[in-house]
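Chemist: Input: one structure, supplied below.
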Amino acid sequence: MKIAVMSCIHGNYAALDAVLLDIDQQQAEKIYCLGDLVGYGPYPNAVVEQIRSLDIPTVQGCWDEDIVEGLNACECSYPSLLAEKRGKIAHEWTNKQVNPEVREYLAQLPHTYKEDNLCFVHGSPNSNHEYLLPEMDAFTALERVLSSDADILFCGHTHVPYVRTLDSGQLQVTVHQPSKNEQPTVSFNTPLKRIINVGSVGEPRHGRPNATYVIYDTETTAVNLREVEYDYQTTCAAILDAGLPPIFAWRLARGLEFAEKADDPTHVCER
Amino acid sequence: MWAILSGIEGNIAAYEAVLADIKRQRVKVEQLYILGDIVAANPDSEKVIKRIQNPLPGELEPQVCIGWWEEQCFALHGLGSTAEPTELIARFGKETAKLLWDSLSRETVQWLRNCHFGFFELDCLLIHGSTISVSDELTPQTPPWQMLDRLQRVQANHLFCGRSGQVFEYQLQGGSVNSSVMTLDQPHPVQTITAPKRRVVGVGNVGRELGKATYTLYSPYSDSLEFKTVYYGSKKGFGN
C-alpha cells in the first residue's frame, strides 16, 4: 500500500493544495501528517480545516503545541536572537488568528502515532522540539528509532527531507555485579531501521521553494521523496498582506532558513 | 580516590557507617560525591542534611547533587518543574507526601534547591538518574543503545548514577552500525560508524536497606573501581 506522509504545512494553503493534488496523482491510499499545521504562514485556520475534513491522522508539532499551551520553547530553539524575535511575532499573529475550534483540534493531537511497524512523530520520540538531523550520530539516531518500537520512524521539523538507513547495528556489553557470577560479554544486534524525514509542505528549507513530502510503499519499502512546484508567490504576497515579517516571504521564495542549525539541535527544551 | 554514594534517604545511621568506612580506607579519599536522594519521607532527613552541611574536623565536604526525592520536595513546595508532586503520590500515596512535607523545613528545601543537577569531572558524569532526568533509572537490564545515548548526550566516558540503588558496572565494549543517507539531491555512501568503549556504574544505595549500605570507590587516575558494602547496627561485623 502506498502512503503519503507530510509535515510542517505552516499555514501555507496553496502548498497544501498542490501536495494533495500530487498525492492524488501518485495514487497514495492513505495520508499522514506530522504536525506544524500553523505558524509562519497566512492561512492557519484554512489548513487545519482541510486536514480535519480529510480525516488525516496527525501528530502535534511544536508550533501547534505552542498555540495551545502558550509560547513554551526557550531561546535555544532559535539560531539567533533575531530569529527568536521573528518567531515570537509569528506566534502572536497566529495566536490571534486561530479560531476556538482550530485551537481545540490542535490541543487534542497526540505526540506520537503508531501503526504496525511505522511510527509518526513531529521532531523525535523524545520531544517535538528535537531535530533529527541527517548528520546526527548514527547510534543516537538508532536509539531514537528503537525507542519508538518501530522499524520506520517518520519525522519532520527540520524542513529538509532525507532517508537515513541504519543497518547491522551491534553493541557488545559486559555487566559486572558483585552479587552475581562473572557474566559473559553479550552482543546486541538490531535489524534494519530507517528514519524518514518528510521535509516541509509549506516552509521548505532544502534550497528551492517547492513543497516536499514523501510517498512510502509499505509492501516494497520504497521511499519516494517528492518535490512539488506550486505558486509560492501567492503565499508570499499573502504573508506581506497579513503584516507578517517580510523575511518569511523572502525565505519561502528561496527555500532557505537555517533555524535547524541551532548550537545544540538535540537539546530538548523543558521550559 | 573518589567515594561516590547515593540514596541516604534520611538514614543517619547508614550515612555515619559509610563515613566511618571511608575513613578506614588505606588509599586516601579526596572527594566525596553524594548523588541525590539524601532525604526521603523519613523524620531523620533534617539530621542528614545538617550532618552534610557540617562535616567534622578532618572530614571531606561532600559534593551534593539532587535526586528523585529532592525533586519531589521541590514539587511539594511549588519550586519544581511540575506544579504537583504527581509522581510521588502515584508511587507512594498522599500519606508519604505528607510525611515528606513534615520531614523538611522550608529552609532546608531552599538549600537543596541550590544543589547541582550533576557533576562533570574529567571524563566522568556523576548524576542521580541520567542526563534525561532524576527519574531515569539505569540498571543492568537497560538496553545498550539507551546507555550509549545517555553517555553521548554529554560526551562522557563514565557515567555514575544512583537511581536504581543497585551496584553494577555496565561496560559498553564497542560496536558498529552502517549508516547511509539519501537526500533530494544525492545519495551519500554507506559509512560504518564505530562506538568507543564506555561505562555506566550503579553506585549503590546507602540508606534504603536497614543494616546494609553500599557505595563505590573510584580512582580516576588508575581507573580502578571498587564496590563497598557496609553492615551496621545489628548486622555489624560482616563488612567487606
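Computed from the coordinates by the stated procedures, all read-outs in this text should not be read as laboratory data. Note that this is a predicted model, so its numbers are computed, not measured. As a convention, Cβ positions derive from the backbone with ideal geometry for all residues, glycine included, and neighbour counts pool all protein chains shown.
Chemist: Could you calculate the FRET efficiency of B:Gln141 with B:Gln186 from 1/(1 + (r/R0)^6), where r is the beta carbon distance between them and R0 is 41 Å, rounded to 0.05?
Modeler: Efficiency at R0 = 41 Å is approximately 0.50.
Chemist: Relative to the longest principal axis of chain A, what angle (0 to 90°, nearest 10) does the C-alpha long axis of helix A:44-53 take?
Modeler: Helix A:44-53 sits roughly 60 degrees off the main axis of chain A.
Chemist: Let me have the 222 nm mean residue ellipticity of the protein assembly as shown computed from DSSP H runs of 4+ only, each contributing -39500 (n - 2.57), with the sum over all residues rounded to the nearest 500.
Modeler: -8500 deg cm²/dmol
Chemist: Take A:Asn181 and A:Lys88, extend 7 Å from each Cα along the Cα→Cβ direction, and tell me the distance between the two endpoints in nm.
Modeler: Between A:Asn181 and A:Lys88, the simple spin-label model gives 6.4 nm.
Chemist: Inside 10 Å of the C-beta atoms of A:134-142, what's the mean count of C-beta atoms belonging to other chains?
Modeler: Mean shielding count: 6.
Chemist: Could you give me the ³J(HN,Hα) list for region A:103-114, computed from phi with Karplus coefficients 6.51, -1.76, 1.60 and θ = phi - 60°, whole Hz, x at Gly and Pro?
Modeler: Rounded to whole hertz, the list is 4, 5, 5, 5, 5, 8, 5, x, 6, 9, 10, 10.
Chemist: List the lysines whose Cα lies under 29 Å from the Cα of A:Lys88, skipping any in the same chain that are fewer than 8 positions away.
Modeler: Qualifying lysines at Cα under 29 Å: A:Lys96, A:Lys261.
Chemist: Here's another thing I want to ask about it. Collect residues whose amide H, placed 1.01 Å from N in the peptide plane, falls under 5 Å from the amide H of A:Val160; neighbours closer than 5 in sequence don't count.
Modeler: Long-range HN contacts for A:Val160: A:Gly199.
Chemist: So, with +1 on the Cβ of K and R and -1 on the Cβ of D and E, and no other charges, what is the size of the charge dipole of the protein assembly as shown about its Cα centre, to the nearest 20 debye? Don't skip to the answer; put the middle values down first.
Modeler: Details: 44 positive and 64 negative charges, 353 e Å.
Once rounded to the nearest 20, the dipole reads 1700 debye.
Chemist: Whole-Hz ³J(HN,Hα) for each residue in region B:76-83, computed from phi via Karplus 6.51 cos²θ - 1.76 cosθ + 1.60 with θ = phi - 60°, x for glycine and proline: what do you get?
Modeler: 4, 8, x, 10, x, 7, 10, 6
Chemist: Would you mind computing, in nm to one decimal, how far apart the modelled labels at B:Ser222 and B:Ile193 are, each placed 7 Å from Cα along Cα→Cβ?
Modeler: Here the answer is 3.7 nm between the modelled labels.
Chemist: Here's a follow-up. Less than 19 Å apart at the alpha-carbon level, and either on another chain or at least 8 residues along: which aspartates and glutamates does that give for B:Lys98?
Modeler: Correct list for B:Lys98: B:Glu9, B:Asp37, B:Asp44, B:Glu46, B:Glu70, B:Glu71, B:Glu84, B:Glu87, B:Glu107.
Chemist: Give me the percent of DSSP beta bridges within the protein assembly as shown that run antiparallel, rounded to the nearest 5.
Modeler: In the protein assembly as shown, approximately 70 percent of DSSP beta bridges are antiparallel ones.
Chemist: Using unit Cβ charges (K, R positive; D, E negative) and no other charged atoms, how large, in debye to the nearest 20, is the dipole of region A:2-261 about its Cα centre? Walk me through the intermediate numbers first.
Modeler: Working: 20 positive and 35 negative charges, 103 e Å.
With Lys and Arg at +1 and Asp and Glu at -1, about 500 debye.
Chemist: Of the listed pairs A:Lys30/A:Lys193; B:Lys28/B:Lys197; B:Lys23/B:Lys47; B:Lys47/B:Lys94; B:Lys94/B:Lys212; A:Lys180/B:Lys228, which have alpha-carbon separations greater than 18 Å here?
Modeler: Long pairs (Cα-Cα over 18 Å): A:Lys30/A:Lys193; B:Lys28/B:Lys197; B:Lys23/B:Lys47; B:Lys47/B:Lys94; B:Lys94/B:Lys212.
Chemist: Kindly write out, for region B:170-181 in residue order, the coupling ³J(HN,Hα) from the Karplus curve 6.51 cos²θ - 1.76 cosθ + 1.60 (θ = phi - 60°), rounded to whole Hz, with x marking Gly and Pro.
Modeler: Using θ = phi - 60°, the values come out as 10, 9, 8, 8, x, x, 7, 8, 8, 10, 9, 10 Hz.
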